[in-house]
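The values are calculated or read from the model by the stated rules, or taken from the named source; none is laboratory data. Nothing here was measured: the structure is a model prediction, and the numbers come from that model. Quick reminder, even Gly has a Cβ in these numbers, built from the backbone with ideal geometry, and neighbours come from all protein chains shown. Quick note on the areas: whole protein, heavy atoms, side chains included, nothing else; ligands and nucleic acids left out. Shrake-Rupley method; radii C 1.70, N 1.55, O 1.52, S 1.80 Å.
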Amino acid sequence: MQATPIAATAEQLATVQFDSNGLVPAIVQEAGTGQVLMMAWMNAETLALTLAEGRTVFWSRSRQEVWRKGDTSGDRQWVREAAYDCDGDTLLFVVEQEGAGACHTGEHSCFFRSFGASS
């Protein structure tokens, strides 16, 4: 798959509201299906890297380091669209998912479990 960098303006980037830890939630949605694949955290650096590289780059809160989705698994995410919500405190990335899927468990989406009785 091919990377598609996204040229965000300084004004758009200034709209993003990072929390007290310098992080903002990033929702990842699959382009072809509309399925929500995962949610992860970004800081200003990983947001800039994601937009410049055209693939998702996140901040690992547990490891306290930058991680490019798919570097170890091969399950990369190629950004096709990027948006921010009305408050600027949540990001949305529409991606083409490469490989088996987004979840570290091997599931295609991290949201594979439902509340309530299964039918």
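At a 1.4 Å probe radius, which order do Met38, Met1 fall into by accessible area, largest first?
Descending order: Met1, Met38.
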For this session: Only residues of segment 1-38 count here: report those whose backbone N is under 15 Å from the spot 7 Å along Cα→Cβ of Ala83, or say none.
Result: 26-37
For this session: Run the numbers on segment 1-64 and let me know its relative contact order in percent, using alpha-carbon pairs under 8 Å that are six or more apart.
Result: 34 percent
Problem set entry | Distance in nm between pseudo-label sites at Arg113 and Gln64 (7 Å out along the Cβ direction from Cα) | 2.8 nm
For this session: Convert each backbone phi in segment 87-103 into a coupling constant with the Karplus relation 6.51 cos²θ - 1.76 cosθ + 1.60 (shift: θ = phi - 60°), then list the ³J(HN,Hα) values in order as whole Hz, x for Gly and Pro.
Result: 8, x, 10, 8, 10, 10, 10, 9, 10, 9, 8, 9, x, 6, x, 8, 7
For this session: Using log10 I(q)/I(0) by the Debye sum over Cα atoms at q = 0.14 Å⁻¹ as the read-out, say which of (i) -0.64; (ii) -0.72; (iii) -0.57 was calculated from these coordinates.
Result: (iii)
Exercise. Amide H neighbours of Gly54 under 5 Å, counting only residues 5+ apart in sequence or on other chains, H built in-plane at 1.01 Å?
Worked result: Ile6
For this session: Please give the per residue accessible area of the chain, computed with a probe of 1.4 Å over protein heavy atoms only, in Å².
Result: 59 Å²
Exercise. Across segment 13-26, in residue order, what do the Karplus-derived ³J(HN,Hα) couplings come to in whole Hz, using 6.51 cos²θ - 1.76 cosθ + 1.60 with θ = phi - 60° and x for Gly and Pro?
Worked result: 5, 5, 6, 5, 9, 7, 6, 5, 9, x, 10, 9, x, 10
For this session: Please determine, in degrees from 0 to 90 and to the nearest 10, the orientation of helix 44-53 with respect to the longest principal axis defined by the Cα atoms of the chain, where the helix direction is its Cα long axis.
Result: 80 degrees
Exercise. If you place +1 on the Cβ of every Lys and Arg and -1 on the Cβ of every Asp and Glu, how big does the dipole about the Cα centre of the chain come out, in debye to the nearest 20?
Worked result: 300 debye
Exercise. Percent of accessible area on the chain owned by carbon and sulfur, 1.4 Å probe?
Worked result: 51 percent
Seminar exercise, completed: The relative contact order of the chain, taking Cα pairs under 8 Å that sit 6 or more residues apart, comes to a percentage of 27 percent
